[in-house]
Each structure stands twice: as structure tokens, then as C-alpha cells.
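Please read the structure below before turning to the comments.
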Amino acid sequence: MIAHLKPEQSSDLVLGSADKETLAHLAACPQCQAEIETLQQTLAEFRTAAINWSADAAQRVSLPKVLPGAQQKKLLAFPAWARPAWALTAAAVVLAVVLPFAIRRQQRRGAASDAQAQIARDNQLLAHIDSEIGETTPTPMQPLQMTLQTAQ
Amino acid sequence: MEQVLSISQPVIREDRISELEDIDGLVARYRAKVLRTVAFSMGDLDDAASITQDCFLQAYVNRAQYRGDCSVSTWLLQIAYNLVRDRTKTRKSQFWRQARLQAVDVTAAHLPSAASSSESQLLARERLEQVMTTLADLSPSQRTVFVLRFVEEMELTEIAAATGMALATVKTHLYRAIDHVRTRVGDAKKEVSE
């Protein structure tokens, strides 16, 4: 059985990068010659058809006209009346970004001072509890203790 | 084939740069070329028209960046390919399966050699349909490479430069496309002869 051209060899032939071995087989094999000829014919037909189609399509579709230089620059540049408005818009954007951060920072500071006051109150309470626990007779039991002492 | 420039060829470089100044001439010369490359990549004529316009606008606005190292044609196709890539990033793959190149039908009334017999016209049409079916199965990038090679007849290195792909990637895309066309056309030929 004859080994015909591999797909890569056919591609190489179409791309014009075939090696000597491939070219030698092509010269000796009518079947591969016919296959490559059909492939090249198909690609050539596609090229012609694509060019013909695009020539028609370019006329059919409306490509909006690109403006000449001076008009183009004018279109892309900010008009004079819009420049102060642009500066104001930029300032508003900066404020909109910066202001929430500033407010949040201020709130955090307030929250920190509140926390310190709470800690002081808690410490005072704990100290009071400690002093209460430190006494031998709890405050509610002191009248009973005094009665017992008097009875003795 | 792209003309390679050296430092001793400033005239060609200057000519290329000045070509961009005449926007109307630029559009007239390259409109069909950019449109067909984009249309085959996108599979949609409206999108292709929009991208073609954006391509010329970008080329004109950014003309100061063009150094004349490659041809104006390659530079335009480079801009067009980047626009196609940006546009296709926003599309889902489902879109591509559905698009199927329906808007780009080269088989209808654009067959070459109109003087040939009706039988050869029929066979040519059949072959073109096989090419279109193959293209519909390829990715937009693969279609672009195929069209740049077989319609614009660009060298592989030029295609790599215009698309920003590695040369090996360009070759892989082309090998795959050629193999599909060869198989489809061969199968269709067998069916006709049987």
C-alpha cells in the first residue's frame, strides 16, 4: 500500500514550505497531485469570492464618514465653555470620594473616646465590687451581725 | 509580501506615514480589506461595519504613533484585530456557535470565473460551501489567520506581527484549518463521484 501525503505535508505544500521528500512524493503520486490541486483551487476560489463579496459589502454597508483632521480634533477636544464645567465635575468627584472617608475617620475618633469612658466606668464598678467582697460580712447581713454581737 | 525596511529607506517610511494623513484615501483603499477580515472573524456584517469604522478612526487619531516600520495595511489589520479581540471577549461562546457566519455568504453571487459551465459553477459553489462550513467551526482568531493567509496572502511572520500571536500559533491555526478544508472538500468530492 502506498503511503500518501500526511495532513501536515499537504498543509506544508499549500503554505509553500514543503520539504524535498514531500515534493518528491507529490511528483510521483497522481492521487496526491489531484488532492493538492483541488485544495489549491478551492482556496483560490475562496479568495476571489471573498474579495468580490467584500467589494459589494463595502458599498452596501454604510460606514459613517471619518471626519477630516481639524474637525476630528475639534470633536475630540473639550469646547471652551465646557472646561469650567469639567473642572467643577472633577472637584465634585474628588469630594464624593474623599468626604465619606473623612466622616468615617471622625466617627472612629468619637467611638474611641466613648470606649475609654466606658472602660473607666467598668473599672470603678469592679473596684466597688472588690471592696464589697473584701469585707468579712456582706452589707445586707451587717444588721444581723450587730444584733448577734449585742445579744452576746 | 511585506516590504522590510532598513534605516537607509526613510523615503518609503515617510510615504507610509503621510498615507495616514489622507483619511478619505485611506478608507477608499483599505475599506474592503478591513471589512472582509473583520467580517470573517466576527461572523456578523453589522459588527464588522462598526469595527471597520472604529479601526479607521483609531488609525487616524493615533497616526502619530505609527512609525512606518510595517505597511499601512498591516497596521490597519493590527488595529482591526485588536478591536475584534476586545469585542469577542464580551461575547459568550454560545454566540459563536449560533453565528455560523450566516451574514457572510460568499457563495451566493460571488463565484469566480462566471464564464465557466454550470456544472463547474455548481462544483465551485459546493467547494466554497465546504470552506464556509469549515470556517464556521473555527474560532474567530483561527478565521482571522486563515483569511489573512489565503485572502490577503500575507506571510506567516506578517500575520504573527499583525495579530500578536506567536509564529507557532499561526502555523497551528493554519494547519488545522487547511486539514479541515482538505477533508471536507475531499469527502464532498467522493460523494459527488459515488
At R0 = 41 Å the Cβ-Cβ FRET efficiency linking A:A55 and A:A28, nearest 0.05, sits at 0.50
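Need one word for the stretch B:27-92: rounded, prolate or oblate. Basis is the Cα gyration tensor (sqrt eigenvalues a ≥ b ≥ c); a/c below 1.5 gives rounded, then a/b vs b/c decides. Intermediate values should be presented prior to the final figure.
Working: a/c = 2.06, a/b = 1.58, b/c = 1.30.
Prolate shape, in that a/c is at least 1.5 and a/b is the bigger ratio.
I'd like the FRET efficiency for B:K89 and B:A136, computed as 1/(1 + (r/R0)^6) with the beta carbon distance as r and R0 of 30 Å, rounded to 0.05. Intermediate results must be reported in sequence, preceding the final value.
Details: r = 20 Å, r/R0 = 0.67.
Taking R0 as 30 Å, the efficiency between B:K89 and B:A136 is 0.90.
Partner chain Cβ atoms within 10 Å, averaged over the residues of A:6-16 - can you pull that number for me?
The shielding value for this peptide is 4.
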Using 7 Å Cα-to-Cβ label points, what is the B:D15/A:E37 separation (nm, one decimal)? 4.0
What average number of partner chain Cβ atoms lie no more than 10 Å from the Cβ of the residues making up B:174-185? 5
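Highest mean first, what order results for B:148-161, A:91-104, A:3-16 on Cβ atoms within 10 Å? It would help to have the intermediate numbers written out before the result.
Numbers: B:148-161: 19.8, A:91-104: 9.8, A:3-16: 16.6.
So the order, starting with the most tightly packed, is B:148-161, A:3-16, A:91-104.
Is there a simple number for the mean count of other chain Cβ atoms within 10 Å of the Cβ of residues in B:150-160, and what is it? If you can, show how the numbers build up before the last one.
Values: counts 8, 8, 3, 1, 0, 2, 3, 0, 0, 0, 0.
Mean partner-chain Cβ count within 10 Å for B:150-160: 2.
Computed from the coordinates by the stated procedures, all read-outs in this text should not be read as laboratory data. Source: prediction; values computed, not measured. No Cβ is skipped: glycine too gets one built from the backbone with ideal geometry, and neighbour counts run over all protein chains shown.
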